[in-house]
Structure formats: structure tokens, C-alpha cells
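*Asks:* A single structure is presented below for examination.
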Amino acid sequence: MRPFKYTRASDAAVAAGAVAANPNAKFLAGGTNILDLMKEDVERPNELVDVNRLKLSEIKEARGGVSIGALAKNSDTANHPLIRRNYPLLTQAIVAGASGQLRNMATNGGNLMQRTRCQYFYDTAMPCNKREPGTGCGALEGLNRIHAIFGWSDKCVATYPGDMANALYALDAVVRVRGSNGKERTIPVNDFHRLPGDTPEKDNNLAHGELITAIELPKSNFAKNSYYLKVRDRASYAFALVAVAAALELDGGNVRQARVVLGGVAHKPWRSAEAEAALAGRPASEESFRRAAEAALAGAKPLAHNAYKVELGKRAVVRALMRAARLV
Amino acid sequence: MPRYIGKEMSRVDGVAKVTGRAKYAAEFRAPNLAYGFIVLGSVAKGTIKSIDTSEAERAPGVVRVFTHLNTPKLGPKANTEYAPPRNAREQDKSFRALQSDRIYFNAQPVALVVAESYEQARYAARLVKATYDAEKHTTDTEAVRESARSPSQGPPPKPRGNPEEALKTAAVKVEAEYRIAMEHHNPMEPHAAVAAWDGDRLTIFDKSQEVYSVRRHLATTFGVPEANVTVVSPYVGGAFGSSLRPNYYPALTAMAARELKRPVKVVYTRTQMFTGHGHRPYTIQKIALGAERSGKLTSMIHTAVHNTSTFEEFSDNTTGFTRQVYACPNLFAPTLIAPVDLPTPTWMRAPGAVSGMFALECAMDELAYKLNIDPLELRLINYAERDPESGRPFSSKALRECYRLGAEKFGWKERRMEPRSMRDGRLLVGWGTATGVWGAFQSPASAKITYRADGTAHVTSATSDIGPGTYTVMTMIAAEYLGNRPEQVKFELGDTNFPRAPAQGGSQTTSSVGSAVHGAALAVAARLLALANQDESSPLKGAAPADVEMLDGRLRLKRDPSKSVQIPEVMRRNNLAEVTETFESRPSEERRKYATMAHGAQFVEVKVDPDLGRVRVTRAIEVTACGKIINPKASHSQEIGGVVWGIGMALTEATEIDHRFGRIMNPNLQHYHVPVNADVHEIETIFVEEDDTVVNPLGVKGMGELGMVGIPAAIANAVFHATGRRVRELPITPDKLL
Amino acid sequence: MKDDLDETSGAELSADEEALLREMPTLGEVGQARRTFLGQTLAGSMGLFALMLMEKEQALAALAAEPGAVFAAAPALENPVRVALKVNGAAKTLEVDSRTVLLDALRERLEMTGTKKGCDQGQCGACTVLVDGRRVLSCLTLAATLEGREVTTVEGLARGEELHPLQAAFIKYDGFQCGYCTPGQLCSAVGMLEEAKRGDVSHVTEDVTAPFKQLSDDEIRERMSGNICRCGAYPGIVAAIREAHTGRESARTWRFVEEEELARVRKELEADETV
Ligand SMILES: Cc1cc2nc3c(=O)[nH]c(=O)nc-3n(C[C@H](O)[C@H](O)[C@H](O)COP(=O)(O)OP(=O)(O)OC[C@H]3O[C@@H](n4cnc5c(N)ncnc54)[C@H](O)[C@@H]3O)c2cc1C
Ligand code: SF4
Ligand code: FES
Ligand code: FES
């Protein structure tokens, strides 16, 4: 870990300003991702601006939906009555991730910002375009069992590893950010993360110095019929091989509208418009769920070691929809 | 009737461990301590072309940066970095870091940065820049499989009977190939040493399973008499074989401390552990079984190939137990090794046995299905009444009873043979079984007892307690034979100031060190008897040491307890405040006439989600026949540990190498998956005690390894039973079951 | 335990033995019916095992710095940050390198080595402590962020002479072997039980919209999955937490085969070579 200047910010403007002023400065929230990466010399900030004491951890009703503070802890968010009642999908997604201790530390903003778990990204002796642009992608022709099957480029095949964001994508959340100039803007969460393309070093569309202040959830009709499914290499405390955030709005036995988001398959949560279209207006049945699953995975392009994700993805979509529809 | 042996007892070190007072290697303080941080290389083979330490040296707090260029030559011969001794007499040439520019494996240590603080050392380590002349490397055992050869150690394996011929004519055959991923021990405590010199005397706190071997290693490394080196290792946070050999870091730490004339601490990072202490080798096994229609085995051909390093030979003896499990007249079971550019493998819990038995016990299951004979039945049909290898009788073997009792308890009768025939809702249920086997080993060991007139005793032996409960069991044995209470016994271990004991490995501690403590206690009694009988009027006149026992401060005749003397009085009469005896126990001659082995039957239930490929081990029963059980509570914990390790090996653990770079790519606990709490469910142990008067005076056999041996096979067999899928490659991750 | 103490204290015990005796509160269990250890006493302020090791350390501490010992030219603290915090109730003011994580501050600066380092990357849980009552990982917590916070480590769980019920239950159910993950397990369990009491849900909670009711074994397993135990002591850990939580004793999961049973089985095996 390189030496760095530590400052404790007491107000958002100062925090954003401080980071904006120094290209090598970063925000410090829960620290669970950035400190790990700093120890590994993957992240090398020379200044950390501690935002933990900013008053940005409120969870409250807003605009018919709910606004969750960027600095609210994952565990407090998951267990907030407003979330549990209205957005159980989000609760399930959060508690499927990491561990009790980590969720007590991790903030919602930091969680959206978490970086990939690609092994090559973590090992500074290995090539990795995301960590060190131009060095090549170690995983493309290396070990890529845990890598992407959608949307990758030959520059990077990493996945976004988080769980919470998969639910946020399904719930059409909006990310509220504050620029160093004090201006606020909102980014629909679907546009928050990027595909790797030629610039895999960029995970998302946040500008340097922009501070996430809140995540806003619009009013949702999915509370009754949603499910978060996570398949991993052990029962808990592991990242997803494949995850599915499924949400249905039912009208009798029919699907009025649906959300299907796959996690662990792309550089960002992979929302499947194809699957959602295949479900809308159809009966909530295993058969139509299967069709939706086929549609969801139809465009998948697996790598040498992750073809299983295609089949696993299909089955996971079916299972998640079945659970959401309460058919199993 | 024993007072303590065989009764459950909580750990005597329990309070120390739950309050955080137990001190592990990295936790010892020393004045003026400096922190070392290891720098790892980045090619798999070749030489270091250049190494630039200038930036690191300029970093704040840095005391010195050691590389091969400025590190004194260590060890008996300059430039010998490898080849550990094969026995106690042979010279110790085990791998020492920073001795030349030669690179033998990726992530080999190339520098040690020492600084005033841990943070400073860690940072400066990143500033060391090395370049290499890389050479073509091979890390894939599959690629060198054909060139595998017999280890040069020991006689080349000879076939029994004519296995090839017998296989050809066998009525039923199974031929299959099995693979086991490379695995790492990953004890929770990272390896660490704190070294301090006082002139040419070295004190080192180390994580070790054998303090004497570390002492010898360091004495040869630094050319000082062994007596000058004190190795202390009172608590070990798990090791599982990873601290059986002296790893490279104690010498590195002591070197830095000597050069800098101040104490130095070096702690492996989790990542450094993956190339810092060896691993369970990647193992490919080919098995051919031939049998009569009745199920009787007529031929067994079991060939294992696993990796070793290019600079040392390591054999896991994968197929060793294959020769002793089933009665079969025709057999060939060689273990071959193939050098690759990786660190040398080492023993890892149930070494060889768990790998070999995975293949053999899966093949037996496959054979059972071919024959349509119940898998347990098949094992009984081929039960070995005598050791098939040597023809000697077993000193004891209650395996048949284990099979039967386990089957009863598990409800095996309810099992339907057909795969995919049992369900729990959407989940497929599978029941599998396998045999566990391990040697009842014993090595020479010594213990010293000082017994005081007040009934208290101080007992020492340089063994270790990596978790099995050695502190507790030795306390119990001492109290049993000194006739005092466990709370009057203070047992200490893990220090070269104590009498020599073997490595805590191979499940031999209780048999070896326990026998020494037992012997020392009897020696105390004999001494007291001699003292008592100096008195003409002693009621014990004429009694031999074997006729007496100590109990509650009295020495008394076993067959007539009314004849006794007060020990404090005897001691007072002789002006003695304490009596000290050291005893060395050795394996008896008698043992040679027998095969001495521990056995067990292991049963597991799995539930498999057929859609998602998720496997849960919902139930496991260990039925264990390993002589006498001293402390059933800790023994049960050992069996539980064996099951958890079996779950890891079967379902989650694999060290992954990118062979293009020859580099381990998952050297951490996020990508290397050891089982977590949610992976583990009910585990039961049934002890079938054996009266074994041959193995050792206490009648104990080891059990730490035994409990793991059959589990991976039992799980794989249960997965087959549940799903109809025979996965022959561990670990069985969800992708393999889709 | 009191009775056992009285029984043996007739014999003259050295200070060491007395310490040992108190160190081993569970010995009374030998050969007796199972008993509860909740509320057992803890050996004064310094346990015997610590004493034994203290001697070794003290021998070292007596070592004078050797002439010629090498030190860094400018070992001054970089980016120093002052923090005032409480550790186990005691106020501490530290000046730390900004890079120092709480785990290293405890182990290397405050000489409180009860909290363990297993991975230093958030991947094992060995370093779990409580900050303001919540379980967190000290390896990923910068010490600098702790101004005004209250840290509780394993050293702070016992109440004076009394082991924390979870500590006692871990001993009773053999919820550890090597003991290295144990401090983290204990702190994690303390925090976890608070979370459950508050009604927090987990990954295995069937209906997260309903009030959380019961901490089943599966709930305990899931909620404790952030603490890896390589010795595999999980069943004992679950039993210990269950008892500390509910007061319910767990049945033993091991047994000896009795003589008669063995005799029966042997006879049956003679008659019939099948299972
Ligand atoms: C072992 C382990 C396992 C894990 N498993 C999972 C899992 O299964 N699923 C899962 O989803 N996650 C998992 N996590 C990830 C964890 O959830 C993230 O590390 C965490 O959410 C990051 O949040 P933080 O507050 O700690 O962020 P920090 O580490 O403090 O920050 C991360 C990044 O975000 C930036 N940042 C933080 N807050 C803001 C803000 N408000 N505005 C702008 N930028 C900001 C920081 O500058 C930094 O670059 C795991 C983590 C670990 C260590
Ligand atoms: S997949 Fe992306 S993160 Fe991984 S090595 Fe390639 S470029 Fe780096
Ligand atoms: S040391 Fe903190 S989680 Fe492993
Ligand atoms: S007790 Fe050894 S790791 Fe848990």
C-alpha cells in the first residue's frame, strides 16, 4: 500500500472538491474493496478522502419510491422496513453477497463501484488491460471460468461481481451523483456501468470527483413476485458464478411485465430485454419461463472455460422466475 | 477402571484460546523488532537478470533489502538451495531463499525487504524491480505424464501375482481414470517467524509441527551447534502438513536478524503461502479392477502419477494403501512422479491415502454397479483378514464391525441401488460409502515428568498441538498414571528445551508422545517404589514396578490396594521435594510381526439440485476403529475436521495454474474455496474401540487423517447415486453436474 | 466448579497450579454428567498459558540492543493521523501511519494479539471485532477512521472474572481446534446475535418481508459463514451459539459402541456375511 494522505470530510462539497482536485485521490467509504486493492497495489491513490461521516446514509420515502443514501451500509439497507416491504428483491440480493461483517461495512455507493474479481486484475505480475491499459488481457486466453459470456471485448472479459446492483437494475433505480462543481445529476442505473470495449479501465460512467449521494428506487409493483438467485462454488461467502434477479408483475395467471437481470455474466449486470419481452403478456408458467430463459441466453458468447454459464444461466433464469411466481 | 482415559474432557488450553491469550508465532514481542516482507518473482523458470532495489532502499523506514546479491550463503554448501534430508542422518539441503539467481518456480522469493514498520516494508516490497531471463517452463502435470518415473527412494514397486493376466481373464472389469486438483493447506494462521540472535545463539518463534527439525535446519543453515538454537512454537493455528518441513521463511528471517543484529519478524501473506510450503500434488490415477461375478477381486492395477518439483523429489505414496485394503491375489500399484516447474509438493492431511482411496473407492463403487452388488457388500466380499501385502495378521481390525454398525445407524438398508431413485422434493438424494484406512504409526519420542511431593506434576515434550488436542490428551495420560488430577498436571510442548518428539504428522502423536508420557509416569512410580522399599518395613517389599500404581498421593499394590505407602512421606524421608524422570518410548519389536492399521467406514448423504448443480452434504457418519480413544470429545472434533476437509476436496477446493505463465492464479481465500459454515451439516462419529495390546502400551492408533480418507470417495459415490453422473475429477463444482 | 476447587485445594498448590486449576474450569466435566459452564470463572487477569509464554518473551525482552544493530535512516511516521478511540472500554490515543489498519494497530501497536490475521483481505473473518457494537473486519478498517469509535475485541468479551457465555459454550462444545479463528468467531457471534435480535434477515430467510422469527441452525450457519474455520469446527460453533442463544443443550453427536452391541454385531456377522 502506497503512502497516502488521509482526510476526513465533513461535507460533501469539500469531499468532492478534494477528490476532483487530485487525479490520484479517491473516496473512502466502507473500505472493503479499495483497501484490499491498495494492499495488492492494484489501486494506488495518494490521497483518500473519508466520506463516512457525511450525512448520506438516510433511507427514506421519496417521490413515491424510496431513496437510499450512498453511505448507508448494505446491512442497514437490506433490513430497512421500507426496503424489506417494498423491494424484497433488493434485500435478497444484498444478503446474498459477501458476509455479515462485510455488509456491516460496505456502503451502497461503494458496492456499485466495486471492481472485478478477475484473478489477473488482482495479480500485478500478470497482464491486465483494466489495471494497466495496454498490457493485454490475461483472462481472454487464460483461466476464464468465472468470466463474461456477454458483452466482452478482446480487451477485457471481466465481470462485474456484485449482487446488489443486479437487483437495482431490475428495479430501474436511478443513481444520484454530485459533481465537484456542486451540480447534481442522475444516472439511470442501467447506464451506470459500462461494457469494456476499448477502455476496460473504466468500469462506469462516473467522472473523477463525482460523489454518489443516493440511489433512488421508483415505486415498484414487483414486491409480491420477485426472487434473487445466486449460484456459487460454495454455499456462502463467494461471488456468483451466475446470479439472476427476477421480478414479475402478475395479472392473475399472466405476466403484465417482467424484469430479468443476470449477474456474473458480463462487465455489468446484464438486463435481458429479450427475456422480458418474451414474458410480457404470457402466462406465468414453467413453459414460458423456459422460453424466456432461451431468449435471455441466446446471444451468449462463452469463452474457453465458461460455456457452462450458458446452460446454468438458462436454468437459473427458469428457477428464479419460478420462485418469483411462487410456482416452487 | 481408568479415571480419565476414555472420558470426554474439554481442552485445557480452551480458556487461553477463547480469551485471545494463546500466543501464536507472529505474536511474540521482541525489542527493536524490524518487519520483513517477502518479494516474489514473476517467471516460472530461468534466472534473475537484474534486480533493482534502489527505490525500495530509499523508501522511508527501510532498513535493508536482501536479494541473492547481498544475502550470505547459507547452509552446508554454497548455492545448494534444495534437496531436504531423507532421513535424520542425511545432510539438510532444503530450499533456502535468495541463494542464487536461479528461478525454480513462479512466485519464488527474490527479495526480502526489512523496514521499521509493517506498512513500510509492505510498500517498499512493491518497489523492488526484477527482470528475468525466462526459460521454457512446464507446470502442467498432464503434459509430462508420460515421462513420470518411480521415486528413487525405496525399492521400485513389484507386482503381486500376475495382475495383467488376471485382468484379461476377469469376468467383470472396471477401468477408469481419476483426477485430483492441486490443493493447498490454508491453515488459518499464516506461517510466521520472529527471530532474535544473542551473539551466536538464536531464539526463534515459529509455526512448526516439529521444533527439532527446524532447529536442525537452522543450525546447519547458520553453521552453529544445534544447542545454540531454540525453537519455540507453543500454539499453531492449524498446519495440516504445511509445517512438517522447515519452510524457507525461518532461515530467511533468522538470516535478516543476524545481518541486521536485531530481531526480525516475517509473516507470509495468504498469497505467499501458496508457494511457501508445498501443496497436495495434482494427481492422475488410472485404475483397472477385475472381478469374478461373485464380486471377488481377481486383479487390481492402480497407477498414480503426480507432480514433484524439478529440484526435489516428493512422493505422496498415493497407491500405498491400495495394497492393504482388499484381499486380492494379483495387484500392481505404482506411484510415479513427474517433475514440473512448481514448488515441491508436501504432505497434506491424509497425504496419499485420501487421493489414492478416492480413486480406489470410486472404482469399487463402479464395480459394484457393474456387478449389481450393494457397494458395502462388495467391500465385505473382499475383506482382508490379513494384510494382503505382507501376509501378517492385523494387530487389530474391527472394520467389518464398522461397516455393519455404520450401515445400521445410517439406515443403509433403505438405500435403493438405482441412481436417481431417491428424492427430497426437487432435490436428488444420494447415499455413498467408502472405506477409510491409515497406518497406526509410532515413532521414538521422549517426555520428562517432574512429580512433586504435593502431587502436582510438570510434564514436557517437544511435540506440538496444531489442533488435535495434544495439550489435553497428554495431561489426561499423565494424570491417569500419576494418579493425580488433571488440574495438578502442567503439560508444555513446542520448545526445543523439552525432550525430543517426532513431528506432529501422520496421526502418530498420541501413540508416540502418549507412550513417552505414559512411560515417564511409570518411571516415576518405579522410582518411588525403589525409594519406598529402602525402608525395611515398606508394605510394598518385594513388589516389582509393574505391580504398583499411583493414586491420589499413594503408591499401592494393584492387586491389593490396601498395601500402600504415602508418596509425600516417602519423598520427605528421602529429602526429596520432587522426582524427575525422562523416558524415551520406541515402537516395540512385537509390532513387526503384525500389520498395524486404523480403519473406518464412512457414510454420507448428499442432496443435489439437479438444475443448478449444487451439492450439499447433508449427513455424514464416521465409524472409526482406531484402538483406544483417549479423549472422545477432541477425537470427534478430529473426525468432524476430516469430513469438512473431505467436503472441501470433493466439492470446492482446487489450486488453479495458468500454465502459460506457470503461475498459481487463485492464491487467496476468495478464489480458493475452502468450505464455510453453511457447507457443513450433521456429522456423527461412532467409535468402535479395539483392544490392541500390540500397537503400543496405550493401545491407541491415530485418527486425525483417518477421518478424511474415505470422505471424498463417499461423496463422489453419493453424487453418482443421486444423479447417475460419475464425476471422476475433483472438485465436483456446479458446472460439472449440469 | 466451586466444589471441584474445594476438593483439591486441600493439597498445597503452588501459584502456578492454582492458576492452572482456574484455567481449566471444564475439568470437572471428566467422568461426570454434562454440565453448564455459563458463568464460569476466568483466571484472574493473567491465564497460566499466557504466563508460560510470558517467561519466554521476557527472556527475549531482556536482550539489549546489539552494538551495530542496523536501523533505518529516517524512520519517522509517514502521513501520521491522530485518533482517539476506545478499545475494550479503555481510552487510547494513537498516532498512526495513515496506512495502518485496525488489525495491525491492535496487534503491532497496542500489543493486543487476540485479534487474528488470517488473510488481510476480508476473505476469512479471523480479524472480526466489534466497532460500536457491530461486527466488522479489522483488516479492512483503517485505524484513522475510528476517531471517537468504540472497539471491542476478544480480550474484551469476558466480564471481569466471568467468561462470556459464548466463550464458555465454545469450550463446552469444542467449537475450535487450533483456536486461531476463534477470536473472530466469537466476536462475529456476539455481533450476529445482536443482528438476529434486531430482526435482521439473512440469505436463507424464507420470507424477507415478514418479521424475522427464529434463528434456526441453518440461519446460524449462513450468518456465521463469513468466519472460516479450517479445522472445520463448524458443528461445535453452531451448537455453542445455539446454546448461548436459546439455553438449549445440544445432544452429543458421538458415541462409543457398547460391549453388548459389539458382541451382537460380531455374532450376526458370523451368521451372515452381509450388511
Ligand atoms: C471477501 C469479499 C467478498 C465479497 N463478496 C461479495 C459478494 O458476494 N457480492 C457483492 O455484491 N459484493 C461482495 N463483496 C464486495 C463488497 O460488497 C464491496 O467491497 C463493498 O460493497 C464496497 O463498498 P465500500 O463501501 O466498502 O467501498 P470502498 O471500498 O470504500 O470503495 C470502493 C470504491 O468506490 C468508491 N466510492 C465509495 N463510495 C463512493 C461514493 N459515494 N461515490 C463515489 N465513489 C465512491 C471508492 O472511491 C472506491 O474506489 C465482497 C467483498 C469482499 C472483501
Ligand atoms: S478480463 Fe479484464 S480484468 Fe481480467 S485480465 Fe482481462 S483485462 Fe484484466
Ligand atoms: S484477516 Fe480480515 S478477513 Fe481475513
Ligand atoms: S479452530 Fe482452527 S481454524 Fe478454526
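*Asks:* Could you figure out which of (1) touching a Leu at 6+ places or on another chain (Cβ under 7 Å); (2) among the hydrophobic types (A, V, I, L, M, F, W, C); (3) crowded, with 21+ Cβ neighbours inside 10 Å isn't true of B:VAL174?
*Replies:* (3)
*Asks:* Return the total of residues in segment B:1-34 being in contact with a strand residue (DSSP E or B) (Cβ under 9 Å, 6 or more places away or on another chain) and surrounded by 22 or more Cβ atoms within 10 Å (Cβ to Cβ).
*Replies:* Here the count works out to 12.
*Asks:* A further question follows. Anything in segment A:20-36 that is near ligand 1 (Cβ under 8 Å from one of its atoms) and part of a helix (DSSP H, G or I)? List them, or say none. Even if it seems obvious, please write down each step before you answer.
*Replies:* In the first step, residues of segment A:20-36 are kept if they are near ligand 1 (Cβ under 8 Å from one of its atoms); the result is A:26-36.
The answer is A:ILE34, A:LEU35, A:ASP36.
*Asks:* Okay, next question. Can you tell me which residue is nearest to C:ALA233 (Cα to Cα) among those in segment B:654-689 that are more than 9 Å from chain A (Cβ to nearest Cβ) and out of contact with any helix residue (DSSP H, G or I) (no Cβ under 9 Å at 6 or more places or on another chain)?
*Replies:* If we take residues in segment B:654-689 being more than 9 Å from chain A (Cβ to nearest Cβ) and out of contact with any helix residue (DSSP H, G or I) (no Cβ under 9 Å at 6 or more places or on another chain), then B:ALA654 is nearest to C:ALA233 (Cα to Cα).
*Asks:* If you don't mind, another one. Out of segment C:229-254, which residues are in contact with a strand residue (DSSP E or B) (Cβ under 6 Å, 6 or more places away or on another chain) and either within 16 Å of ligand 2 (Cβ to nearest atom) or not assigned by TED's automatic domain parsing to the domain that holds C:ILE171 (or both)? Talk me through it step by step, then tell me what you get.
*Replies:* First pass over segment C:229-254, keeping only residues in contact with a strand residue (DSSP E or B) (Cβ under 6 Å, 6 or more places away or on another chain): C:235, C:253-254.
C:THR253, C:TRP254 - these are the residues of segment C:229-254 that are in contact with a strand residue (DSSP E or B) (Cβ under 6 Å, 6 or more places away or on another chain) and either within 16 Å of ligand 2 (Cβ to nearest atom) or not assigned by TED's automatic domain parsing to the domain that holds C:ILE171 (or both).
*Asks:* Checking the condition more than 18 Å from C:GLY191 (Cα to Cα), within 16 Å of ligand 2 (Cβ to nearest atom) and under 16 Å from the mean Cα position of the chain (by Cα), which residue from A:THR91, A:THR116 passes? It would help to see each step written out before you state the result.
*Replies:* On the way: A:THR91 fails: within 16 Å of ligand 2 (Cβ to nearest atom).
Exactly one residue qualifies, and that residue is A:THR116.
*Asks:* Within segment B:591-634, which residues are of a type in the set (Ser, Thr, Tyr) and crowded, with 24+ Cβ neighbours inside 10 Å? Walk me through how you get there before you give the answer.
*Replies:* Here is the first cut: in segment B:591-634, the ones of a type in the set (Ser, Thr, Tyr) are B:594, B:596, B:618, B:624.
Matches in segment B:591-634: B:THR596, B:THR624.
*Asks:* Taking segment A:241-268 on its own, how many of its residues are surrounded by fewer than 24 Cβ atoms within 10 Å (Cβ to Cβ), assigned to a strand (DSSP E or B) and in contact (Cβ under 8 Å) with a residue 40 or more places away in the chain? Full working, then the answer.
*Replies:* From segment A:241-268, those surrounded by fewer than 24 Cβ atoms within 10 Å (Cβ to Cβ) are A:249-254, A:256-257, A:266; that's our starting set.
Filter once more, so that each one left must be assigned to a strand (DSSP E or B): A:249-251, A:254, A:256-257.
After this cut, where a residue has to be in contact (Cβ under 8 Å) with a residue 40 or more places away in the chain as well, the list is A:250.
Qualifying residue count for the region: 1.
*Asks:* Being within 13 Å of ligand 3 (Cβ to nearest atom) and under 27 Å from C:SER225 (Cβ atoms) is true for just one of C:GLN167, C:GLN121. Which residue is that? Lay out the reasoning, then the answer.
*Replies:* Details: C:GLN167 fails: within 13 Å of ligand 3 (Cβ to nearest atom).
The match here is C:GLN121.
*Asks:* If I ask for residues that are touching an Asp or Glu at 6+ places or on another chain (Cβ under 9 Å) and more than 18 Å from A:ASN108 (Cβ to Cβ), which ones from segment A:1-18 would you list?
*Replies:* Of everything in segment A:1-18, those that are touching an Asp or Glu at 6+ places or on another chain (Cβ under 9 Å) and more than 18 Å from A:ASN108 (Cβ to Cβ) turn out to be A:MET1, A:ARG2, A:PRO3, A:PHE4, A:LYS5, A:TYR6, A:THR7, A:ARG8, A:ALA18.
For every residue, the table says whether it meets (1) farther than 23 Å from B:VAL194 by Cα; (2) modelled with pLDDT of 75 or more; (3) not in a loop (DSSP other than H, G, I, E, B).
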{"site": "C:ALA69", "(1), (2), (3)": "no, yes, no"}
{"site": "C:PRO75", "(1), (2), (3)": "no, no, no"}
{"site": "C:VAL81", "(1), (2), (3)": "yes, yes, yes"}
{"site": "C:LEU103", "(1), (2), (3)": "no, yes, yes"}
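*Asks:* Here is a check on your reading of the model: is A:GLU58 more than 10 Å from every other protein chain (Cβ to nearest Cβ), at pLDDT 95 or above and surrounded by fewer than 24 Cβ atoms within 10 Å (Cβ to Cβ)?
*Replies:* On the way: more than 10 Å from every other protein chain (Cβ to nearest Cβ): yes; at pLDDT 95 or above: yes; surrounded by fewer than 24 Cβ atoms within 10 Å (Cβ to Cβ): yes.
It is true that A:GLU58 is more than 10 Å from every other protein chain (Cβ to nearest Cβ), at pLDDT 95 or above and surrounded by fewer than 24 Cβ atoms within 10 Å (Cβ to Cβ).
*Asks:* Of all the residues that make up segment C:204-222, how many are within 11 Å of chain B (Cβ to nearest Cβ) and at pLDDT below 95? Before the answer, list the steps.
*Replies:* Of all residues in segment C:204-222, those within 11 Å of chain B (Cβ to nearest Cβ) come to C:204, C:217-222.
Applying the additional criterion that residues be at pLDDT below 95 yields none.
Total meeting the criteria: 0.
*Asks:* Let me ask something else. Name every residue in segment C:153-179 that is surrounded by fewer than 21 Cβ atoms within 10 Å (Cβ to Cβ) and within 14 Å of C:GLY89 (Cβ to Cβ), in order of residue number.
*Replies:* C:GLU155, C:ALA158, C:ARG159, C:GLY160
*Asks:* Being within 14 Å of chain C (Cβ to nearest Cβ), farther than 21 Å from B:ASN317 by Cβ and either crowded, with 24+ Cβ neighbours inside 10 Å or not charged (D, E, K, R) (or both) is the filter here, so list the residues in segment B:339-393 that pass it.
*Replies:* Hits for segment B:339-393 are B:ALA368, B:ILE373, B:PRO375, B:LEU376, B:LEU378, B:ARG379, B:LEU380, B:ILE381, B:ASN382, B:TYR383.
*Asks:* How do the pairs read when you match residues in segment B:31-46 that are at positive phi with residues anywhere that are modelled with pLDDT of 95 or more and surrounded by 22 or more Cβ atoms within 10 Å (Cβ to Cβ), using Cβ under 9 Å and keeping only pairs 6 or more apart or on different chains?
*Replies:* Going by the 9 Å Cβ cut-off, the qualifying pairs are B:ASN32/B:ARG262; B:ASN32/B:PRO263; B:GLY46/B:ILE103; B:GLY46/B:HIS137.
*Asks:* Can you confirm whether A:PRO127 is more than 15 Å from the chain's Cα centre (by Cα), more than 12 Å from every other protein chain (Cβ to nearest Cβ) and either part of a strand (DSSP E or B) or away from ligand 1 (no atom under 16 Å from the Cβ) (or both)?
*Replies:* Against the criterion (more than 15 Å from the chain's Cα centre (by Cα), more than 12 Å from every other protein chain (Cβ to nearest Cβ) and either part of a strand (DSSP E or B) or away from ligand 1 (no atom under 16 Å from the Cβ) (or both)), A:PRO127 does not qualify.
*Asks:* Would you pick out the residues in segment B:182-236 that are more than 14 Å from every other protein chain (Cβ to nearest Cβ), surrounded by fewer than 24 Cβ atoms within 10 Å (Cβ to Cβ) and closer than 30 Å to B:VAL644 by Cα?
*Replies:* B:SER213
*Asks:* Still on this model: State which residue is farthest from ligand 3 (Cβ to nearest atom) when the search covers only segment C:107-118 and only residues that are buried (at least 24 other Cβ atoms within 10 Å of the Cβ) and not hydroxyl-bearing (Ser, Thr, Tyr).
*Replies:* Taking segment C:107-118 as the starting set, the residues that turn out to be buried (at least 24 other Cβ atoms within 10 Å of the Cβ) are C:114-118.
When the remaining residues are screened for being not hydroxyl-bearing (Ser, Thr, Tyr), the result is C:114, C:116-118.
Working: C:GLY114: 13, C:LYS116: 7, C:LYS117: 5, C:GLY118: 4 Å.
Here the residue is C:GLY114.
*Asks:* Restricting attention to segment A:37-45, does a residue exist that is more than 10 Å from every other protein chain (Cβ to nearest Cβ), touching a Leu at 6+ places or on another chain (Cβ under 6 Å) and among the aliphatic types (A, V, I, L, M)?
*Replies:* The first filter runs over segment A:37-45 and keeps only residues more than 10 Å from every other protein chain (Cβ to nearest Cβ), leaving A:42-43, A:45.
Remaining after also requiring touching a Leu at 6+ places or on another chain (Cβ under 6 Å): A:43.
When the remaining residues are screened for being among the aliphatic types (A, V, I, L, M), the result is none.
Scanning segment A:37-45 turns up no residue that is more than 10 Å from every other protein chain (Cβ to nearest Cβ), touching a Leu at 6+ places or on another chain (Cβ under 6 Å) and among the aliphatic types (A, V, I, L, M).
*Asks:* Name the residues in segment B:128-147 that are in a loop (DSSP other than H, G, I, E, B) and surrounded by 13 or more Cβ atoms within 10 Å (Cβ to Cβ), would you? Outline the logic, then answer.
*Replies:* Here is the first cut: in segment B:128-147, the residues in a loop (DSSP other than H, G, I, E, B) are B:128, B:135-140.
Within segment B:128-147, B:VAL128, B:HIS137, B:THR138, B:THR139, B:ASP140 qualify.
*Asks:* Another one. Do we find that A:TYR160 is closer than 30 Å to C:VAL136 by Cβ and away from ligand 1 (no atom under 16 Å from the Cβ) in this structure? Step through it out loud before you land on a result.
*Replies:* Numbers: closer than 30 Å to C:VAL136 by Cβ: yes; away from ligand 1 (no atom under 16 Å from the Cβ): no.
Considered against the rule, which asks whether it is closer than 30 Å to C:VAL136 by Cβ and away from ligand 1 (no atom under 16 Å from the Cβ), A:TYR160 comes out as no.
*Asks:* Are any residues in segment A:116-137 within 16 Å of ligand 3 (Cβ to nearest atom) and either buried (at least 24 other Cβ atoms within 10 Å of the Cβ) or over 20 Å from A:ILE34 (Cβ atoms) (or both), and if so, which ones? Walk me through it before giving the result.
*Replies:* Residues of segment A:116-137 within 16 Å of ligand 3 (Cβ to nearest atom): A:117, A:122.
Listed by number, the list holds a single entry, A:TYR122.
*Asks:* If the requirement is being within 14 Å of chain B (Cβ to nearest Cβ), away from ligand 3 (no atom under 16 Å from the Cβ) and not in a strand (DSSP E or B), which of these qualifies: A:LEU195, A:LEU168, A:LEU140? Before the answer, list the steps.
*Replies:* Details: A:LEU195 fails: within 14 Å of chain B (Cβ to nearest Cβ); A:LEU168 fails: within 14 Å of chain B (Cβ to nearest Cβ).
Of A:LEU195, A:LEU168, A:LEU140, the one residue that is within 14 Å of chain B (Cβ to nearest Cβ), away from ligand 3 (no atom under 16 Å from the Cβ) and not in a strand (DSSP E or B) is A:LEU140.
The rows are residues; the columns are (1) assigned to a helix (DSSP H, G or I); (2) without any contact (Cβ under 8 Å) to a residue 40 or more places away in the chain.
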site: B:PRO675; (1), (2): no, yes
site: B:GLU684; (1), (2): no, no
site: B:VAL695; (1), (2): no, no
site: B:GLY702; (1), (2): no, no
site: B:VAL719; (1), (2): yes, no
site: B:LYS736; (1), (2): yes, no
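*Asks:* Can you work out which of the residues in segment C:165-203 that are under 27 Å from A:LYS73 (Cβ atoms) and among the acidic types (Asp, Glu) is farthest from the other protein chains (Cβ to nearest Cβ)?
*Replies:* Looking at residues that are under 27 Å from A:LYS73 (Cβ atoms) and among the acidic types (Asp, Glu), I get C:GLU194.
The values are calculated or read from the model by the stated rules, or taken from the named source; none is laboratory data. Computed from a predicted model, the values in this text were never measured in an experiment. Every residue, glycine as well, gets a Cβ built from its backbone with ideal geometry; the counts of neighbours run over all protein chains shown.
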